[in-house]
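The values are calculated or read from the model by the stated rules, or taken from the named source; none is laboratory data. Values in this document were obtained by computation on a predicted structure and should not be read as measured data. Virtual Cβ from ideal backbone geometry, glycine too; neighbours counted across all protein chains shown.
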Amino acid sequence: MRISIYRFNPELDVGPHMQDYDVDPDSGDKKLLDLLVRLKTIDDSLSFRRSCREGVCGSDAMNINGRNGLACLTALSTLKEPVLLRPLPGFPVIRDLIVDMTQFFAHYHAIRPYLINDEQPPERERLQSPEQRARLNGLYECILCACCSAFCPSYWWNPDKFIGPAGLLQAYRFISDSRDTASAERLAYLDDVYRLYRCRTIMNCTEVCPKGLSPSHAIERIRLALLRESS
Amino acid sequence: MPTPSPGRPRFLKLPSIRFPIGAFVSIGHRLSGVVLLIGLPFLAIALEQSLRSEADFAALAAQWAGPWRSLLLVIVVWAAAHHILAGVRHLLMDLGIGSTLTRARISAWATIVTAALIALSSAARWLS
């Protein structure tokens with residue numbers, strides 16, 4: 001199997017280049033990550049992030065044949081050769097397939113990704129009805145792999161100002177939580193020409209989410225909530 | 001907000017990225033907007049001239065009879081059709097109508113194909 005990988009070593013390279021590898025998958029190699037781990041035994045200078053190898057940690061997000069995805073969830077049988085592996089688009093490259101996610105997580109922290117409730121806590125936990133809990137489905141499952149934000153043209157051109165689909169999905173996760181009492185403040189923070197309204201509903205985010213989530217739907221709900229609040 | 005580290009390359013070669021159909025509608029929306037911005041003042045002047053008299057209308061029609069000029073008009077027609085259709089699609093999706101992935105893909109294809117068909121039908125009229 002031929003794989004062409006984006007290589008960049010800041011200590012040796014002036015700029016990035018593509019390097020070809022020919023590697024035969026073992027019978028146990030089912031996913032792209034299996035093959036990358038095998039490649040690492042051949043060329044130990046190859047760098048990429050990985051951890052859980054089952055689509056939970058979100059570490060091995062990369063651009064696979066032109067689309068963002070997780071190497072651990074991508075079946076080798078679905079890939080067209082040569083397999084082109086590049087880092088997440090638009091993100092600063094630290095080395096090979098490893099990108100700097102500082103900006104991405106700064107946006108995540110800015111939306112205050114935790115429950116805010118200044119009411120007196122009950123003796124036991126804050127209860128939710130099954131319906132209230134169901135509202136979090138499709139939101140809480142985000143693993144922050146950044147596949148969506150790194151496939152969003154609005155985020156490519158304004159990574160410092162636009163929160164991006166991942167941050168906005170997370171923001172809506174807390175806005176729609178019945179136990180959170182800071183929805184008005186959260187919406188006021190998002191009501192900005194760049195932070196929220198830079199989204200042009202291209203829906204690249206929803207197209208590539210490896211967890212099958214819909215950040216564009218969350219963004220739509222935030223916009224409608226703001227509209228309801230202003231009318 | 002922290003700024004990106006200096007000296008770090010970014011992979012953003014657009015031809016190497018496999019865009020979904022929705023992205024093509026969006027790019028087309030912008031492109032058609034630019035074409036309309038440039039073309040509309042000239043079309044307004046042409047409309048004004050065509051309304052002056054029958055002779056002015058005939059002179060204008062003769063002036064724009066050539067295949068290259070007709071092609072320009074076809075491009076403007078495509079731009080108007082694509083821009084309006086993509087704009088209506090955008091407005092409906094903002095209201096939550098047709099904003100699921102499957103429906104958005106269908107409406108994206110419908111926008112591209114309908115705008116192309118409108119442009120082709122005007123081409124068949126003007127270039128024949």
Exercise for the section: Note down all Cβ pairs under 8 Å where the first residue falls in segment A:27-43 and is assigned by TED's automatic domain parsing to the domain that holds residue A:62 and buried (at least 17 other Cβ atoms within 10 Å of the Cβ), the second is part of a helix (DSSP H, G or I) and among the aliphatic types (A, V, I, L, M), and they're at least six residues apart or on different chains. Expected result: A:29/A:35; A:29/A:76; A:31/A:76; A:32/A:76; A:34/A:76; A:35/A:76
Exercise for the section: Among the residues of segment A:146-168, count how many are in a loop (DSSP other than H, G, I, E, B) and either without any contact (Cβ under 8 Å) to a residue 40 or more places away in the chain or in contact with a helix residue (DSSP H, G or I) (Cβ under 8 Å, 6 or more places away or on another chain) (or both). Expected result: 9
Handout entry: Unmet requirement for residue A:4, which otherwise passes all of (1) away from chain B (no Cβ under 14 Å); (2) of a type in the set (Gly, Ala, Ser); (3) not in a loop (DSSP other than H, G, I, E, B)
Key = (1)
Fill in the blank from the handout: From the option list B:44, B:59, single residue qualifying as loosely packed, with under 11 Cβ neighbours inside 10 Å, more than 14 Å from chain A (Cβ to nearest Cβ), farther than 30 Å from residue A:8 by Cα and without any contact (Cβ under 8 Å) to a residue 12 or more places away in the chain is B:44
Completion exercise
Given the conditions (1) within 14 Å of another protein chain (Cβ to nearest Cβ); (2) surrounded by fewer than 17 Cβ atoms within 10 Å (Cβ to Cβ); (3) under 15 Å from the mean Cα position of the chain (by Cα), every one holds for residue A:69 apart from (2)
Fill in the blank from the handout: Across (1) buried (at least 17 other Cβ atoms within 10 Å of the Cβ); (2) under 19 Å from residue A:196 (Cα atoms), residue A:113 clears everything bar (1)
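One line per residue, one yes/no per condition, for (1) touching a Pro at 6+ places or on another chain (Cβ under 8 Å); (2) within 12 Å of another protein chain (Cβ to nearest Cβ); (3) in contact (Cβ under 8 Å) with a residue 60 or more places away in the chain; (4) of a type in the set (Ser, Thr, Tyr):
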| position | (1), (2), (3), (4) |
| --- | --- |
| A:191 | no, no, no, no |
| A:194 | no, yes, no, yes |
| A:197 | no, yes, no, yes |
| A:202 | yes, yes, no, no |
| A:217 | no, yes, yes, no |
| A:220 | no, yes, no, no |
| A:230 | no, no, no, yes |
Practice task
Answer yes or no: is there a residue in segment A:112-121 that is within 13 Å of another protein chain (Cβ to nearest Cβ), of a type in the set (Phe, Trp, Tyr) and in contact (Cβ under 8 Å) with a residue 12 or more places away in the chain.
Solution key: no
Practice task
Considering each of A:171, A:188 in turn, give the residue that is modelled with pLDDT of 95 or more, in a helix (DSSP H, G or I) and surrounded by fewer than 23 Cβ atoms within 10 Å (Cβ to Cβ).
Solution key: A:188
Practice task
Only one of these is in a helix (DSSP H, G or I) and modelled with pLDDT under 95: B:61, B:23. Name it.
Solution key: B:61
Problem - Pairs with Cβ under 7 Å, 6+ apart, first in segment B:6-26 and more than 7 Å from chain A (Cβ to nearest Cβ), second assigned to a helix (DSSP H, G or I) - result: B:21/B:105; B:21/B:108; B:21/B:109; B:24/B:112; B:25/B:86; B:25/B:108; B:25/B:111; B:25/B:112
Problem - Criterion: away from every other protein chain (no Cβ under 14 Å), within 22 Å of residue B:120 (Cβ to Cβ) and charged (D, E, K, R) - qualifying residue of B:52, B:69, B:89 - result: B:69
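Every residue, every condition in (1) of a type in the set (A, V, I, L, M); (2) under 17 Å from the mean Cα position of the chain (by Cα), yes or no:
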residue: A:164; (1), (2): no, yes
residue: A:172; (1), (2): no, yes
residue: A:185; (1), (2): no, no
residue: A:193; (1), (2): yes, no
residue: A:204; (1), (2): no, yes
residue: A:207; (1), (2): no, yes
residue: A:211; (1), (2): no, yes
residue: A:224; (1), (2): yes, no
Practice task
Identify all residues within segment A:82-108 that are hydrophobic (A, V, I, L, M, F, W, C), surrounded by 24 or more Cβ atoms within 10 Å (Cβ to Cβ) and within 7 Å of chain B (Cβ to nearest Cβ); write none if there are none.
Solution key: A:91
Exercise for the section: State which residue is nearest to the other protein chains (Cβ to nearest Cβ) when the search covers only segment A:44-58 and only residues that are small (Gly, Ala, Ser) and farther than 19 Å from residue A:205 by Cβ. Expected result: A:47
Completion exercise
From the option list A:164, A:212, single residue qualifying as more than 11 Å from every other protein chain (Cβ to nearest Cβ) and small (Gly, Ala, Ser) is A:164
Handout entry: Sole exception among (1) of a type outside the set (A, V, I, L, M); (2) in contact (Cβ under 8 Å) with a residue 40 or more places away in the chain; (3) buried (at least 19 other Cβ atoms within 10 Å of the Cβ) for residue A:128, by number
Key = (3)
